[in-house]
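Below is one structure, written out as structure tokens; comments come after it.
The values are calculated or read from the model by the stated rules, or taken from the named source; none is laboratory data. Fair warning: this is a prediction, and the values are worked out from it, not measured in the lab. Glycine also receives a Cβ, built like all others from the backbone with ideal geometry; neighbour counts cover every protein chain displayed. These accessible areas exclude ligands, DNA and RNA; they are computed on the full protein's heavy atoms, side chains included. Shrake-Rupley method; radii C 1.70, N 1.55, O 1.52, S 1.80 Å.
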Amino acid sequence: MAERLAEDLWRLDIPLVGNPLKNLNSYLLTGERSLLIDTGFRQQSCREAMERQLAETHVDRDRLDIFCTHLHSDHTGLAPELIRPGCRIYIGEIDSPGVKNASDPSCWKRLYGEYVRDGFTQAEMEALWGDNPAQTAAPPWREGLYTELQDGAALHYGGRMLRCVLTPGHTPGHLCLYDPARRRLFCGDHVLFHITPNICRWQGVEDSLGDYLSSLDRTAALDTAELYPAHRAETGDLRQRTAELKAHHARRLEDTLRTVEKAPGLTAYQIAGRMRWSIRCRNWADFPLAQKFFAVGEALAHLDHLEAQRRVFRQEIHGKRVYFAGVGDKI
Ligand SMILES: [Zn+2]
């Protein structure tokens, strides 16, 4: 059921069936024109929940724009089918090409090829093919469908101004929406409670984790009383959560470095297999393949950050990238 959080604000609870994230919080700001923030996957269970809860709010669908905090398909998937003529779908200009790429099989092929170099077997990547919701539940793309926004852009809804805050890390072009008058921050997947936002390596980005840590500093400096994350019902204090997230990554960096020091010459896949994960599995071999994909991406983000700090280096040996502690020749 749609939950009314304030006179002008609703939370729609969209289930993500079979996904460890469990749900998506879609926020609806109502006014003369209304704004829906994030949508859920392009899947029937999300579609039904969204349609039912939008009806409960009695929002005028012909005056409803959509804001996607970032390119992930649990945030963008339903946008093209929900939007009516004359209404807009907003997304950050850096993430926008990623929406196009998500519906292009050749981009996935290239990415999966990279993951083989980082230690996955070809068979694992083939098994993942077509089973990854980022691939299958992504929204269709067509020219002119999305309106791109830059850092600092202002949107006006119901007499209030919302400022886009570029927060790269979780994705290269993630945007939060900040309402300074009400001291509200819609933070997408930038800050989550109970779970930690996934930070992984992105092609074309040198140090996603470094970007993420800087973005955390950027949002912590905002005067914020209300924080609206995109997953789970929990929320809380932004500065306290920022400190916890930074401490989490500092521990992960040490864990990653110790693994490289103890066993030099491993791939990111093997390093991820020796790191500690909160997922309930007996061992690395039992990890569901999709979770392995995220775990290796996250290990890579930590390795990239350690590399930027000149604490590890990598070499390519027999077509696999392997890591060593210390300073070496960058490939
Ligand atoms: Zn996300």
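Points worth noting:
- Test result for Ala290, of a type outside the set (Phe, Trp, Tyr), under 15 Å from Gly119 (Cβ atoms), not assigned by TED's automatic domain parsing to the domain that holds Gln203 and not in a loop (DSSP other than H, G, I, E, B): no
- Within the set Leu227, Leu209, the sole residue that is in contact with a Ser or Thr (Cβ under 6 Å, 6 or more places away or on another chain), more than 15 Å from Asp95 (Cβ to Cβ), modelled with pLDDT of 95 or more and not in a loop (DSSP other than H, G, I, E, B) turns out to be Leu227.
- Filter result for Leu155 (among the hydrophobic types (A, V, I, L, M, F, W, C), at pLDDT 95 or above and within 16 Å of the ligand (Cβ to nearest atom)): no
- Flag if Leu175 is within 16 Å of the ligand (Cβ to nearest atom), open to solvent by 30 Å² or more (accessible area, probe 1.4 Å), within 15 Å of the chain's Cα centre (by Cα) and not hydroxyl-bearing (Ser, Thr, Tyr): no
- Taken over segment 178-192, the criterion of being open to solvent by less than 20 Å² (accessible area, probe 1.4 Å) and either within 16 Å of His249 (Cβ to Cβ) or away from the ligand (no atom under 11 Å from the Cβ) (or both) is satisfied by Asp179, Arg184, Leu185, Phe186, Cys187, Asp189, His190, Val191, Leu192.
- When segment 209-228 is filtered for residues that are more than 17 Å from Leu177 (Cα to Cα) and open to solvent by less than 30 Å² (accessible area, probe 1.4 Å), the ones remaining, listed by number, are Leu209, Gly210.
- Scanning segment 155-169 for residues that are assigned to a loop (DSSP other than H, G, I, E, B) and open to solvent by 10 Å² or more (accessible area, probe 1.4 Å) gives Gly158, Gly159, Pro168.
- Looking only at residues of segment 115-154 that are more than 23 Å from Thr76 (Cβ to Cβ) and among the charged types (D, E, K, R), we find that the one that is most open to solvent (accessible area, probe 1.4 Å) is Glu126.
- Going through (1) within 16 Å of the ligand (Cβ to nearest atom); (2) basic (Lys, Arg); (3) surrounded by fewer than 14 Cβ atoms within 10 Å (Cβ to Cβ) one by one, Arg201 falls short only on (3).
- Of everything in segment 229-245 that is open to solvent by less than 70 Å² (accessible area, probe 1.4 Å) and free of Cβ contacts under 8 Å to residues at least 60 places away in the same chain, the residue that is farthest from the ligand (Cβ to nearest atom) is Ala243.
- Answer from Glu307, Glu316, Glu298 - the residue that is open to solvent by 60 Å² or more (accessible area, probe 1.4 Å) and out of contact with any Ser or Thr (no Cβ under 8 Å at 6 or more places or on another chain): Glu316
- Within the set Glu316, Glu298, the sole residue that is among the charged types (D, E, K, R) and over 21 Å from the mean Cα position of the chain (by Cα) turns out to be Glu316.
- Of all residues assigned to segment 210-218, none qualifies as being farther than 30 Å from Ala268 by Cα, more than 17 Å from the chain's Cα centre (by Cα) and outside the structural domain of Glu298 (by TED's automatic domain parsing).
- Any hit, segment 188-205, residues being modelled with pLDDT of 95 or more and farther than 23 Å from Arg276 by Cα: yes
Residue by residue, here is whether (1) outside the structural domain of Val327 (by TED's automatic domain parsing); (2) among the hydrophobic types (A, V, I, L, M, F, W, C); (3) under 19 Å from the mean Cα position of the chain (by Cα) holds:
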residue	(1), (2), (3)
Glu226	yes, no, no
Thr242	yes, no, yes
Glu261	no, no, no
Met275	no, yes, no
Arg280	no, no, no
